Structures are given as structure tokens and as C-alpha cells.
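K.L.:
After the C-alpha cells below, expect a handful of questions from me.
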Amino acid sequence: MAGVGQTAEGELAAAGTTNAQNIRDGCDEKEPPQLWEMLSDHVVELILARLSLVQLQSVRKVCKHWEALTSTCEFALLNAHLSRPQPNFVLCGMNYLVPRKSQAFVFASEQGLWRGLPSIVLPPHNMGSLDSSAGLVYAIAGPGEKCLRYKLSTADVVQCDQWLETTLMQYPRRAPVVALVEGGAKPSGDVAHKLIVAGGVPDFEPEHMAVEIYDSETGAWEFCGNLPSSFQGGSSRLWITGAVCNGKFYVSQIHSWLITSFDLSQRTWTDVQWECPQGLMNVNLLSLGGIHLLLAGLCKGPLMESNTGTEFNFKVWKVDPQMQKPVQIGTMPRCLLLLFEENLHELGELKVLMNEMSFYVYKLSPYTGYPVVEGEISSDAQMVKWRVLSGVPAFSGYRFDHMVALCSSVSHIILGA
């Protein structure tokens, strides 16, 4: 960003000099242009992208040009990247019998190392239900498994007073797919949001594929019918994956090419007919800024050098909205893929977690040392830069009842920044 900063400063200086010269010489009878008007649109975008959502609401009222500049998909991604620090990746080992033996580590990106976290105090919840998705960490709680306790990734996971709680859902849940839909900013600086909860209802319930949406402003749940019948018998997060993109909630079976979308405005389901990538074994749906829909998963094919045997690859695709098909944008280097398992046939246990402009591929297994690989997506969503989060956290020999990975903003004091 140093080059970008120098460019912006150079344009500001040039604009100021030209403006002052025009005034001194009186060579322009018209009102001299304002300093902002002499900057390129690119520099103005870089400056405005550092503002918060609340500040941008005021900025858009200044003039129609600024409103147009700050209303594009490209600006939304730039704002997400520049306006606030990206949440950190956190690994937690939970011991429910002896909570003091629970452990958690956060990866400090700037230092490139893992740091231990103070004891994380969780609100009461059902054992083993703690999980995460893009933008939040959540757990099932309350009477009859009908309540969600959750925390947004922008909040500090160490602070126990920042957990939020929903009202009771219509149906009990055990392992649902949960997705976050961010809305507009409030004057307080908080962001209004909705939670989509799909599936995970016990099989003996009549509506075991029910979909409900929670509104943080009204505190009410809305029942939105069921997942399509094609998801019958596999509606928990163990079998399906979901993401919100461009006003639609996409759901897919992890181990088959079965994708459908729910229009959040029309409240209707539509089957998606996309070309399946060759050799695809499993798929995870990811959303980049709510604008680009990504697919990430394992593929298999013949070994390139001998054409005998099987080669496994972890690939990433972006769904092209015009062609309506996945376009490959990245393949994990094989040396990083080998970190997860010597026996590549067991790679189906890999998990993927989206975190704004990056995603993490990990495996919660003590036998492989909890490896984590980060994929950083370019601002134009055309390529992926890979790196391993080195220095695997030194979990002690304690027994953990539950392991979970999540993304959370963590205090700079803890990170040592």
C-alpha cells in the first residue's frame, strides 16, 4: 500500500499547487475547482474505502458522483479490505468436564506466529454444538434446543459480554447450517444483520428440513418453509454447506453436485444447473463479500506423470454470473496439501472457513498436528495466494471433548502488536 499512499499524496500536492497558482494569477475567472475534484476517481475510492459503514452513509449524501463511486461491487470489496482489520483465525479445544483445561490459540498474522489466548468464557450451550461459519461463531442453547447464542467475527471472542442470543426458533436444532446476512449500519456503529438457519432438525420432527430467518432488529424468527425434497435425509451441516451471495442463500450437498438457491426477496427456491467440475469429490460454498460466490473442494484425477493411480487436488472456483458456470481461480500447491494427511484418501475430512478476503483450509485432528492453510483471494477474485500458518499451536496433552475453528477480532495486547 506504500505505492498507493505515495500516489495519493502526490495527487493531493499537485492539486493544491495548481489550485493556489490559479488563484494568485487570476487566470481563471471561474470559481477554482475544489481540491477533491482534482483527484482521480481511483484515489478518491482509496480514501473513502477506509471509512466505516456509518461514515459512508453520510459520504454518499455529499454528491451523486461519490454515491456512484461507493455503490459498486468493487468498492464494497475494497471497503471490506481497508476499513477494518481482518478477524484472526482461532483454534479452540474445549474440555467440558474440566473447563480450565480448555485451550485456545490465535494466529497473529503480522508476526506470523500462534499465541495462546486467555480462557474463553462461553455462555451456557448444548455440549458439542459450538461451531462457526463465515462472520460468526454460534452454539445451540435454550429450552428444547430452540435458541442460538452467537458472536459476530467483528467482536472479541475472549470478551464474554459480547455474546448475543436469539428468541426461540419454531423448531429444535442440533447441527444446522447457519449463515449471516449483514445489513445496514446503525447510528451506534453496530451492523444490523439476519441469521439464516437451515436443516439440523431431528428426523422425528415433521419439518426436519425447516428454514428460518432471524432479524436482529425485530428479534423475530420467520419460517420460510423447507429445504427442497432432494435434500431429504441429509440436512445437517455434516452433509450440506451454505453461503449468502447477491441476495440469495445457496445450499449444496457436500458430497454431490446438488445445488439450490433461495431468493431472500421472493422467498422461492430454484435449482441451480451449473457444469460440475471434472473429478469433484466434495464442495464447500463460500461468499466473497456477499458479491462473488466461490466453490472450494477436492478433485481427483489420473496422475500426470504416469497416468496410473489417482492424484488429489484442492481447487477453488468462482461462479461466473454471465456463463453460469464455475471458473477455476486457484489450486493448492501439492506440498501444502500433503500437510493434512499422508493417506490422501482421507482428505474428505478437510474443513473450509471463509474470512472476508481469505479462507482457511484445516483439519481438526491431533494426529496431523492441526495444520492450517490460508488462501488469500485477490481483490478482483481472479486468483488465490496460498500460505501455511506455520508453527502449529502447542496444544497440551489434555483431552478435548470438542474442537472448533473460528474467526474473531482479538485485542492487539494479546496479539503483541
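K.L.:
Before I look further, what does the stretch 221-269 give for accessible area per residue, probe 1.4 Å, in whole square angstrom?
P.N.:
It amounts to 45 Å² per residue over the stretch 221-269.
K.L.:
Could the peptides 95-104, 144-153 be put in order, highest first, of the mean number of other beta-carbon atoms found within 10 Å of their residues?
P.N.:
Put in order of decreasing packing, that is 144-153, 95-104.
K.L.:
Given 0.36 nm per residue, what is the gain on full extension from N95 to M127 after removing their alpha carbon distance, in nm?
P.N.:
10.5 nm
K.L.:
Around W269, under 12 Å between beta carbons, what's the net of Lys plus Arg minus Asp minus Glu among the other residues?
P.N.:
Its environment carries a net charge of 0.
K.L.:
Cα gyration tensor of the stretch 224-298, axes a ≥ b ≥ c as square roots of the eigenvalues: rounded (a/c below 1.5), prolate (a/b > b/c) or oblate?
P.N.:
In terms of gyration-tensor shape, oblate.
K.L.:
Heavy-atom accessible area per residue, the stretch 87-152, 1.4 Å probe: how many Å²?
P.N.:
39 Å²
K.L.:
Also, I was wondering about something else. Each label point is 7 Å from the Cα along the Cα-to-Cβ direction; what then is the distance between the points at E311 and V272, in nm?
P.N.:
Result: 2.8 nm between the two label points.
K.L.:
Counting only C-alpha contacts under 8 Å and six or more residues apart, can you give the relative contact order of the stretch 98-151 as a whole percent?
P.N.:
21 percent
K.L.:
Can you order the peptides 111-120, 276-285 by their average number of other Cβ atoms within 10 Å per residue, highest first?
P.N.:
Final packing ranking: 276-285, 111-120.
The values are calculated or read from the model by the stated rules, or taken from the named source; none is laboratory data. This one's a predicted model, so the numbers in the text were calculated from it and none came from an experiment. Cβ sites come from the backbone with ideal geometry, for glycine too, and all protein chains shown count toward neighbours. Heads up: the accessible areas ignore ligands, DNA and RNA and are worked out on the full protein's heavy atoms, side chains in. Shrake-Rupley method; radii C 1.70, N 1.55, O 1.52, S 1.80 Å.
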